[in-house]
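The values are calculated or read from the model by the stated rules, or taken from the named source; none is laboratory data. It should be emphasised that the depicted structure is a prediction, and the values quoted were computed from it without experimental measurement. Please note: Cβ atoms are built from the backbone with ideal geometry, for glycine as well, and neighbour counts cover all protein chains shown.
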Amino acid sequence: MSNTHTIYQQLADFIQGKIETNEYNFGAKIPSEREFSEIFKISRMTVRKAIDLLIEKGLLVRIQGKGTFVSKPKIDSPIDTIQSMKSFIQESGLIPSNKVLIAQKEKAGIKYSKIFHINPDDDIFLLFRLRLGNGEPIALEYTYIPYQLIPNIESYDFEQCSLYELYEEQGISFALDCQHLEIVKVCSPQSTLLKLAEDSAVFMLLDTVTDTTGQVIEYTRSYVGENTFTFSSILT
């Protein structure tokens, strides 16, 4: 390694390059401090400093007793944009998929009758999905839709069919997505499904989507791991 940059920075750049070219895939264990030290003939303290720098950047994660691994790439989600979770995952370079956990018709009840401005005895459709990127858990989504919006919606296979593509097929247009973001703790079964420890802190995102007439057509509650997503907004 040359002396034009600090040695630890050169090593950090080398490792980051391996990550960016997918030579070190996310979830992969990188060589140990001792191995890097022997390969490049540098001190382990220098190696540790390079790795610490990449941990601060969120590119690596150190697991006690196991080693250092490439972190999952974080998905940057603009909170002022109407866009599907599938699109966010794709734009982050991951292969999206989802597992449908619940897809059923049920009564609106007091809470959802107020959200959708319908009667408590009216039907709504619940779609509960585990969203995945490269087969790893990204988010849990509970989506509620007035049943009359798309009759027989339960007949669609939402592991193959995109809800937003279905909206387009039905001629349903969005006008506004009112979003609320907060940090909460999750326990089982949510923590288990997201492969997180009990009482882990996660982002909870509430989306209320309206059509061009101002009618609420979708209400979604999502749980996303803090180590998976970042949220951004442009202030004007």
Are any of the residues in region 157-168 hydroxyl-bearing (Ser, Thr, Tyr), surrounded by fewer than 13 Cβ atoms within 10 Å (Cβ to Cβ) and either in contact with a Lys or Arg (Cβ under 9 Å, 6 or more places away or on another chain) or not assigned by TED's automatic domain parsing to the domain that holds Asn22 (or both)?
no
Close pairs from region 212-229: first at pLDDT 90 or above, partner small (Gly, Ala, Ser) and not in a loop (DSSP other than H, G, I, E, B), Cβ under 9 Å, at least 6 apart:
Ser222/Ala139; Tyr223/Ala139
State all residues of region 209-220 that are assigned to a strand (DSSP E or B) and either of a type in the set (A, V, I, L, M, F, W, C) or closer than 19 Å to Asp123 by Cβ (or both); if no residue qualifies, say none.
Val209, Asp211, Val216, Ile217, Glu218, Tyr219, Thr220
Residues to consider are Leu205, Leu149, Leu163, Leu193; find the one that is touching an Asp or Glu at 6+ places or on another chain (Cβ under 9 Å) and at pLDDT 90 or above.
Leu149
Checked pairs for region 111-134, first closer than 15 Å to Glu218 by Cβ, second among the aliphatic types (A, V, I, L, M) and part of a loop (DSSP other than H, G, I, E, B), C-beta under 6 Å and 6 or more apart or across chains, list as Ile118/Ala108; Ile124/Ala108
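Among the residues of region 130-155, write down those that are hydroxyl-bearing (Ser, Thr, Tyr), within 20 Å of Ile89 (Cβ to Cβ) and surrounded by fewer than 18 Cβ atoms within 10 Å (Cβ to Cβ).
Answer for region 130-155, where residues must be hydroxyl-bearing (Ser, Thr, Tyr), within 20 Å of Ile89 (Cβ to Cβ) and surrounded by fewer than 18 Cβ atoms within 10 Å (Cβ to Cβ): just Tyr142.
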Ile138 passes all but one of (1) under 15 Å from Val216 (Cβ atoms); (2) touching a Lys or Arg at 6+ places or on another chain (Cβ under 6 Å); which number fails?
(1)
